[in-house]
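Each reported figure results from applying straightforward, stated rules to the coordinates on display, with no laboratory input. These numbers were taken from a predicted model, which means no experiment stands behind them. Note that each Cβ is placed from the backbone with ideal geometry, even for glycine, and that neighbours are counted across all protein chains shown.
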Amino acid sequence: MRRAMAIAEVGDDVFGEDPTTNRLQDRVAELLGKDAALFVPSGTMGNQLALAVQATAGDEVVVDEESHILHYETGAPSLIARVQLRSAPLQEQLARACEVLTDLVRPAAYYYPRTRGVCIENTHNRSSGAIMPLATVQQIGTWCSERGLFLHCDGARLWNASVATGIPLAEYAAPCTTVMVCLSKGLGAPVGSVLVGPADVIAEARRWRKMLGGGMRQSGVLAAAGLYALEHHLERLAEDHRRAKEFARAIVQEFELLLDPPPTNIVLFRSRRGIDAERLLEQLARSGVVVSPGPPGWLRAVFHLDINDDDVAAAIATLHRIHTDLCGRHSVAIDT
């Protein structure tokens, strides 16, 4: 990948003249079956561009109550697109998602914010990498289309959903107006995401990208990494899914799993013995096993191309040892 970056043919992407960036954009647009694509520095910027271009100040956008856009993008919708987010348990109630959405559409009165669109997330980060079923995406897409609303998909890990199910990316993307996909997660590129959608939406997103400081010059150096990742790292995501399942199977006696088995590459777990998640996280980090906080009380282990089978075995052994030690101390403290 670094060799591909070093020899990348470059131009000035602010003027649309970087050939490697253009190839990446064309490739991702083709994979997702959309008219056009835009390379952006981060997934957060891609999501925010989608909101800013498709909604106006004072509008309301419905998101899942556990979505990345709501929890991890620093309140950007209120600052950049100047929209209000309304959260709903979409992921929790997939079987009746359209009913949930119907209850949230604002009446057409001047004193209400105007419902303008819906954002979904696939795969779902805070739901242990859960895959939103294609049928649900299609139902929500039809529901939005009938009401003149946009549907945006935060598809940071849409690659994982496609590899896990065998369903082509374009089928997942078809019901959505816009989709953002990340190159810098499981695919292993150092930087970058891509926003895809109709040509006029992406043209306006390019303008917004410039306003946000995301206009890059010789971005082909970074785009080359994305192209390499798509060519060499896409199918290997199945290895991450396998390792996540192996990790989950090995710890399930001591730890509760949010999803068992984990459907893709994220395992959310917590102690069955009541050991504090923050305490466990700190002890693991000191021993060289880095996990991150999940929803309150949960820890999050993510498997990617820099993790091999030996790493998984070492992480399992370390987790068992530390948890056993902490349980012993916990028991002594209670007895005392």
Legend entry - Sequence ranges 311-318, 32-39, ranked by mean other-Cβ count within 10 angstrom, highest first: 32-39, 311-318
Legend entry - Label zone at ASP276, where the point sits 7 Å out along the Cα-to-Cβ direction: region 309-330 residues whose backbone N lies under 13 Å: 330
Inset, instruction - Express the relative contact order of region 237-335 as a whole percentage, based on alpha carbon pairs under 8 Å and six or more residues apart in sequence. - result: 28 percent
Inset, instruction - Mind checking which lysines have their Cα closer than 22 Å to the Cα of LYS245? Skip sequence neighbours fewer than 8 apart in that chain. - result: LYS185
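With the cut-off at 1.5 for a/c, could you classify the chain from its C-alpha gyration tensor as rounded, prolate or oblate?
Working: a/c = 2.02, a/b = 1.33, b/c = 1.51.
It is oblate, given that a/c is not under 1.5 and a/b is not larger than b/c.
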Inset, instruction - Name the residues whose placed amide hydrogens come within less than 5 Å of the amide hydrogen of ASP59, ignoring near sequence neighbours (fewer than 5 apart) on the same chain. - result: GLN84
Inset, instruction - With θ set to phi - 60°, apply the Karplus curve 6.51 cos²θ - 1.76 cosθ + 1.60 along region 121-132 and write out the HN-Hα couplings as whole Hz, x wherever there is a Gly or Pro. - result: 9, 8, 6, 9, 4, 7, 10, 6, x, 5, 9, 6
Inset, instruction - Specify the angular offset, from 0 to 90 degrees and rounded to the nearest 10, of the alpha carbon long axis of helix 43-54 from the longest principal axis of the alpha carbons in the chain. - result: 40 degrees
Inset, instruction - Just rank SER162, SER184, fewest to most, by other beta-carbon atoms within 10 angstrom. - result: SER184, SER162
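Could you work out the relative contact order of the chain, using alpha carbon pairs under 8 angstrom and six or more residues apart, expressed as a whole percent?
Worked out over the chain, it gives 20 percent.
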Inset, instruction - For region 73-86, take each phi angle, set θ = phi - 60°, evaluate the Karplus expression 6.51 cos²θ - 1.76 cosθ + 1.60, and give the result in whole Hz per residue in order, putting x for glycine and proline. - result: 10, 6, x, 4, x, 6, 8, 8, 7, 6, 10, 9, 9, 10
Inset, instruction - Before anything else, pin down the relative contact order of region 27-82: Cα pairs under 8 Å, at least 6 apart, normalised by residue count, whole percent. - result: 39 percent
Legend entry - Cβ-based exposure ranking for MET1, MET211, MET216, in which fewest neighbours within 10 Å come first: MET211, MET1, MET216
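Sort TYR72, TYR110, TYR172 so that the residue with the fewest other Cβ atoms within 10 Å of its own Cβ comes first and the one with the most comes last. Walk me through the numbers on the way to the answer.
On the way: TYR72 12, TYR110 5, TYR172 25.
Lowest to highest Cβ neighbour count: TYR110, TYR72, TYR172.
Determine, from the Cβ-Cβ distance of GLU99 and GLU256 and an R0 of 30 Å, the FRET efficiency 1/(1 + (r/R0)^6), rounded to the nearest 0.05.
0.50
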